[in-house]
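Visitor: Below is one structure. I have some questions about it.
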Amino acid sequence: MFKVGKAEPTAIHWPCTINIPRDGGGSTKARCTIEFELIEQTEIDEILGGGGDRDLLDRVVRGWGADVTDAEGNPLPFTPENKARVLAITYARAGIVAGFFEAASGGARRKN
């Protein structure tokens, strides 16, 4: 039973898959945990209508797990600067966007 008006979570930790391109074709899959703020569809539509996926992620990404690391494998602290660095990587952003929509839809995968 789905109860409208019941308190839903406002933030969720969700696994995301980042497809890292490999020379010669293909990709290597990396998994990481991203903390998303779940917002209403009307706000998503508003953001995407006047901006893009970067604007959406700026709004909804609230943190990440210890599985987001620096080049030496140390957990990368979640700071505004590091968030900007991660979201500037095209393939990372694509995986995080897909993860957000999967989380927001309760686990349903988004079709292109």
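None of the figures in this text is laboratory data; all of them are computed from the coordinates on show. Note that the structure is a prediction, hence the values are computed from the model and not measured. Ideal geometry is used to build each Cβ from the backbone, glycine not excepted, and the neighbour counts take in all protein chains shown.
Visitor: Can you tell me which residue within the range 89-109, out of those that are farther than 18 Å from Lys29 by Cα and free of Cβ contacts under 8 Å to residues at least 60 places away in the same chain, is surrounded by the most Cβ atoms within 10 Å (Cβ to Cβ)?
Guide: The first filter runs over the range 89-109 and keeps only residues farther than 18 Å from Lys29 by Cα, leaving 101, 103-108.
Within this subset, residues satisfying the condition of being free of Cβ contacts under 8 Å to residues at least 60 places away in the same chain are 101, 105-108.
Numbers: Phe101: 15, Ser105: 11, Gly106: 8, Gly107: 8, Ala108: 10.
Only one residue tops the list, namely Phe101.
Visitor: Of all residues in the range 73-88 being under 15 Å from the mean Cα position of the chain (by Cα) and aliphatic (A, V, I, L, M), which is nearest to Ala30 (Cα to Cα)?
Guide: Filtering the range 73-88 for residues that are under 15 Å from the mean Cα position of the chain (by Cα) and aliphatic (A, V, I, L, M), the one nearest to Ala30 (Cα to Cα) comes out as Val86.
Visitor: Anything in the range 66-90 that is more than 16 Å from Glu35 (Cβ to Cβ) and either touching a helix residue (DSSP H, G or I) at 6+ places or on another chain (Cβ under 7 Å) or in a loop (DSSP other than H, G, I, E, B) (or both)? List them, or say none.
Guide: Asp70, Ala71, Glu72, Gly73, Asn74, Ala88, Ile89
Visitor: Applying the selection to the range 73-88, what residues are under 27 Å from Thr42 (Cα atoms) and touching a residue at least 12 places away in the same chain (Cβ under 8 Å)? Break it down stepwise before answering.
Guide: Going through the range 73-88, the residues under 27 Å from Thr42 (Cα atoms) turn out to be 80, 83-84, 86-88.
Result: Lys83, Val86, Leu87.
Visitor: Looking only at residues in the range 28-65 that are basic (Lys, Arg) and not in a helix (DSSP H, G or I), which one is farthest from the chain's Cα centre (by Cα)? Write out each step before concluding.
Guide: Narrowing the range 28-65 to residues basic (Lys, Arg): 29, 31, 54, 59, 62.
So of that shortlist, the ones also not in a helix (DSSP H, G or I) come out as 29, 31, 62.
Values: Lys29: 15, Arg31: 11, Arg62: 9 Å.
Restricting to residues being basic (Lys, Arg) and not in a helix (DSSP H, G or I), the top hit is Lys29.
Visitor: Sticking with this one: So which of Arg85, Arg54, Arg31 ends up being more than 20 Å from Ala11 (Cα to Cα) and loosely packed, with under 15 Cβ neighbours inside 10 Å? Before the answer, list the steps.
Guide: Working: Arg54 fails: more than 20 Å from Ala11 (Cα to Cα); Arg31 fails: more than 20 Å from Ala11 (Cα to Cα).
Residue meeting the stated conditions: Arg85.
Visitor: Is there any pair linking a residue in the range 53-72 that is more than 17 Å from Arg31 (Cα to Cα) to one that is part of a helix (DSSP H, G or I) and of a type in the set (Lys, Arg), with Cβ under 9 Å and at least six apart or on different chains, and which?
Guide: Cβ pairs passing all conditions: Asp53/Arg93; Arg54/Arg93; Leu57/Lys83; Leu57/Arg93; Asp58/Lys83.
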